[in-house]
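In what follows, a structure is listed as structure tokens, so that the remarks can point back to it.
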Amino acid sequence: MDSKPGSESTRFLALMKNILISRTFFCIAATWFLCSPAPAQVLKVVVNDTIQPITEEYIARALDEARRKHDQAVLIEINTPGGLVDSTRKIIEKITASPIPVIIYVTPSGSRAASAGFFVLEAADVAAMAPGTNTGAAHPVVLGGGKMDDVMKEKMENDAAALMRSVVAKRGRNVEVAESTVRSSKSFTEQEALSQHLIEYVASSEEDLFRQMQDKDFKRFNGETTALHLTGRRVTPFDMTLKEHILAYLMDPNIAFILLAVGALALYTEFNHPGAVIPGTVGVVFILLAVFALNLLPTRFAALVLIIAAFALFALEAKFATHGVLTMGGIALLTLGGLLLVDSPIPEMRVHLLTALAVSIPLGIITAFLMTIAIRARRNKVVTGAEGLVGETGVTQSALSPSGKVFVHGELWDALSSSEVPVGRLVVVRRVDGLTLQVDPLPATQAPPRAPAMV
């Protein structure tokens, strides 16, 4: 039985309508899937260094990134001996103002969050430590490690204690015990910190920490109470940029001192060998890198004076030949200048004695040796050009009465003598006037050399 043409067209239109509706639905679903935000995750930051401006920049950038991506939390794994007060305060400001909860986790085993690291740990929304770690010892230290007078000591202690109280109280932790790390330099193991309510968790791994935190409330800095659900969440590492890696490397005071010393030696070499180019270029680059790093570090400019004085003594050693006395003095000044160059409250942010000696001794010997060579070269008699003829002996090729020709240094010259000199006699050059030599006869007892063949 044949179908009617009208029914076929109706079925075709219905089919096209269904295809159009299904494709439209598919496009809407795909657009929603692509444009919908990615599921919240945990952004992981690793701080395994001193607390300094680069650390501050790194953490601040991570917190901004987490806020931009609406992450669930920021996990900061920390291992630090401490650092600079200014950088610590700025990191605390960033953490307490972050809309994204911040978890500070002292790990791995054997790590510490000492001094400035304890302040950062207590500023976290959630503080945790791995087994075998320690924290505390937050007593302020004067730059350079010297002894403070009583008034200054009290001021610094009170300021640090007030910062500690303000942070710890907002987090609902033990204010009295936390303040004791400032006033009495107390330190705590992970179990002691947990039992005295300085931290919330002791966890052997990230997964263990997230499991313990699951659905448990904690107090935010603004007073609100919230909970995190991190079990099974994706943990995304957040690394330093290339710039931050380079700057963090340069921020090592030992590297900065080596760059400064080697740069000074390279510039000194360029000054003694003008036109060499390479030593001058290396010297300028190294010194600029050192200055940039020292600008971010607490630098003693008096130490730079000691380093300059050391190079001055190296130069004087070559001039006066004191048999190493001035060189030893220069090495001592360079070593002392290196040790005092960075005025940091913790040993990890100062130039090590071994580094200072390893740089100063070879540098002092090399610099004094180069200066000695340069000065000897300048004192040597000139043996080229017109000046090189003075003092040379020659043979008269024609009688000097008082002018004539003499053969000196393989060349025939016009000569003028103070007295008459016969042919074939020896004369000595006293002065050069343009193309004419002023000569004096040598005693007749000296036999003249064989006259060179003339072509």
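The values are calculated or read from the model by the stated rules, or taken from the named source; none is laboratory data. Source: prediction; values computed, not measured. Glycine gets a Cβ as well: all are built from the backbone with ideal geometry, and neighbour counts include every protein chain shown. We work out accessible area using only protein heavy atoms, side chains counted, and drop any ligands, DNA or RNA first. Shrake-Rupley method; radii C 1.70, N 1.55, O 1.52, S 1.80 Å.
For this structure, a couple of remarks:
- Of all residues in segment 246-271, those being more than 10 Å from the chain's Cα centre (by Cα) and free of Cβ contacts under 8 Å to residues at least 24 places away in the same chain number 4.
- Entirely in segment 206-267, the strands (runs of 3 or more DSSP E) that have 2 or more residues that are open to solvent by 60 Å² or more (accessible area, probe 1.4 Å) and under 30 Å from F369 (Cα atoms): none
- Residues located in segment 376-420, provided they are at pLDDT below 85 and surrounded by 18 or more Cβ atoms within 10 Å (Cβ to Cβ): L389
- Residues located in segment 269-290, provided they are open to solvent by less than 80 Å² (accessible area, probe 1.4 Å), among the β-branched types (V, I, T) and more than 29 Å from I54 (Cβ to Cβ): T269
- Count of residues meeting criterion [at positive phi and among the aliphatic types (A, V, I, L, M)] in segment 250-279: 1
- Within segment 268-323, the residues that satisfy the criterion of being under 14 Å from I365 (Cα atoms) and assigned to a helix (DSSP H, G or I) are Y268, T269, A310, F311, A312, L313, F314, A315, L316, E317, A318.
- Only listed residue being touching a residue at least 40 places away in the same chain (Cβ under 8 Å) and of a type in the set (A, V, I, L, M), chosen from I92, I59: I92
- Among the residues here, S195 qualifies as farther than 26 Å from K94 by Cβ and without any contact (Cβ under 8 Å) to a residue 24 or more places away in the chain.
- Test for A128: is it out of contact with any Asp or Glu (no Cβ under 8 Å at 6 or more places or on another chain) and surrounded by 24 or more Cβ atoms within 10 Å (Cβ to Cβ): no
- Qualifying positions in segment 65-92 - in contact with a helix residue (DSSP H, G or I) (Cβ under 9 Å, 6 or more places away or on another chain) and of a type in the set (D, E): D71, E77, D86
- Filter pass, A315 being over 30 Å from I54 (Cβ atoms) and either touching a helix residue (DSSP H, G or I) at 6+ places or on another chain (Cβ under 9 Å) or not aliphatic (A, V, I, L, M) (or both): yes
- Residue that is within 30 Å of T107 (Cβ to Cβ), modelled with pLDDT under 90 and buried (at least 19 other Cβ atoms within 10 Å of the Cβ), where the choices are A303, A293: A293
- Any hit, segment 310-329, residues being open to solvent by 70 Å² or more (accessible area, probe 1.4 Å), under 23 Å from the mean Cα position of the chain (by Cα) and under 20 Å from I255 (Cβ atoms): no
- Considering residues of segment 421-437 that are assigned to a loop (DSSP other than H, G, I, E, B) and at pLDDT below 85 only, the residue least open to solvent (accessible area, probe 1.4 Å): G424
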